[in-house]
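Contents: one structure, followed by commentary.
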Amino acid sequence: MQTLGGPAKGDKVYSVFELTSSVKASIEDEFPHVWVVGEISNCTLHSSGHAYFTLKDDLAQLSCVFFKTARQGALVPEEGLRVIAQGRLSVYEKRGQYQLVVNTLVAAGRGELYAAFNELKARLEREGLFDESRKRPLPKFPDTAGLITSPTGAAIRDFIRTAGR
């Protein structure tokens, strides 16, 4: 592997942890108290009492954690619910992923994305596409497989490598 050269004299070289910790401190200083509106998806209520979910809109998504202590007596997050969440931005260092640590959750109706999903599901069901009679058993050893992806992406290379094994 060819590189363009190393760090210049005097450049700080961070460990992954040092850089992530620095980003975390910056984000937490800049966003200690924010309100965010979005639709809940991928909601998991963990046995620990914590709730993990994604807030999303048409253009972006944000990982959220709603800890047990903050959840007591609060709105229960559920799939497709449109909410206004109050909390602080933080970084989960093990993954280098930023997230909203939720303190308050206020219902703001049903989400449009969830409604559109349910409408599509109902239409496909009316068309009979979910009927058991249409389902066929999967073969134990398929003769053919299809992959829809970019011809130059990592997915096609991984597929070819795995199929070859």
query: How much of the accessible area of segment 118-158, probe 1.4 Å, is carbon plus sulfur, in whole percent?
result: 55
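All other residues with a Cβ under 11 Å from the Cβ of Thr20 taken together, and with Lys, Arg as +1 and Asp, Glu as -1, what is their net charge? Write down the numbers at each step before the final one.
Working: positive: Lys24, Lys94, Arg95; negative: Glu18, Glu93.
Around Thr20, the surrounding residues sum to +1.
Heavy atoms only, 1.4 Å probe, whole protein assembly: order Ile160, Ile40, Ile84 by accessible area, highest first. Walk me through the numbers on the way to the answer.
Working: Ile160 110, Ile40 0, Ile84 65 Å².
The most accessible residue leads, giving Ile160, Ile84, Ile40.
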Shape category assigned to segment 120-165 from the gyration tensor of Cα positions, a/c cut at 1.5: oblate
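Taking a ≥ b ≥ c as the square roots of the eigenvalues of the Cα gyration tensor of segment 80-138, is the shape rounded (a/c under 1.5), prolate (a/b larger than b/c) or oblate? Write out the running numbers ahead of the final one.
Working: a/c = 5.35, a/b = 1.93, b/c = 2.77.
Oblate shape, in that a/c is at least 1.5 and b/c is the bigger or equal ratio.
Restricting to DSSP loop positions (anything but H, G, I, E, B) with no more than 14 other Cβ atoms inside 10 Å of their own Cβ, which trypsin sites (Lys or Arg not before Pro) remain in segment 102-158? Please list the in-between numbers first.
On the way: sites: Arg110, Lys121, Arg123, Arg126, Arg134, Lys135, Lys140, Arg157; in loops: Lys135, Lys140.
Filter output for segment 102-158: Lys135, Lys140.
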- request: Choose one answer from Thr20, Thr144, Thr54: the residue with the largest mean-square fluctuation in a GNM of the chain with alpha-carbon springs under 10 Å.
  value: Thr144
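About its Cα centre, how strong a charge dipole does the chain have in debye, to the nearest 20, once Lys and Arg get +1 and Asp and Glu get -1 at the Cβ?
Numbers: 21 positive and 19 negative charges, 116 e Å.
Dipole size: approximately 560 debye.
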- prompt: Among Leu81, Ala60, Ala154, which residue has its Cα positioned farthest towards the positive end of the charge dipole of the chain, with +1 placed on the Cβ of Lys and Arg, -1 on the Cβ of Asp and Glu, and the dipole taken about the Cα centre?
  reply: Ala154
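Run through segment 66-165 and list the GluC sites (Glu not before Pro) located in a DSSP loop whose Cβ has at most 10 other Cβ atoms within 10 Å. Intermediate results must be reported in sequence, preceding the final value.
On the way: sites: Glu78, Glu79, Glu93, Glu112, Glu119, Glu125, Glu127, Glu132; in loops: Glu78, Glu79, Glu93, Glu127.
Of the GluC sites (Glu not before Pro), the ones in loops of segment 66-165 whose Cβ has at most 10 other Cβ atoms within 10 Å are Glu127.
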- prompt: Carbon and sulfur: what percent of segment 27-71's accessible surface (1.4 Å probe)?
  reply: 53
field: Euclidean distance between Cα centres, segment 13-29 to segment 81-98, Å
entry: 16
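Report Rg/Rh for the chain, rounded to two decimals, where Rg is the Cα radius of gyration and Rh the Kirkwood radius.
That ratio is 1.10, to two decimals.
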query: Using alpha-carbon pairs under 8 Å, 6+ residues apart, how would you state the relative contact order of segment 32-165 in percent?
result: 20
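Around Ala51, what is the net charge, scoring Lys/Arg as +1 and Asp/Glu as -1 over all other residues with Cβ under 11 Å from its Cβ?
That sum, taken over residues with Cβ under 11 Å, equals +1.
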- prompt: Could you give the accessible area per residue of segment 1-131, probe 1.4 Å, as a whole number in Å²?
  reply: 69
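The values are calculated or read from the model by the stated rules, or taken from the named source; none is laboratory data. Just so you know, these numbers come straight off a predicted model, no measurement behind them. Glycine also receives a Cβ, built like all others from the backbone with ideal geometry; neighbour counts cover every protein chain displayed. Note: accessible area is taken over every heavy atom of the protein model, side chains too, but ligands, DNA and RNA are not part of it. Shrake-Rupley method; radii C 1.70, N 1.55, O 1.52, S 1.80 Å.
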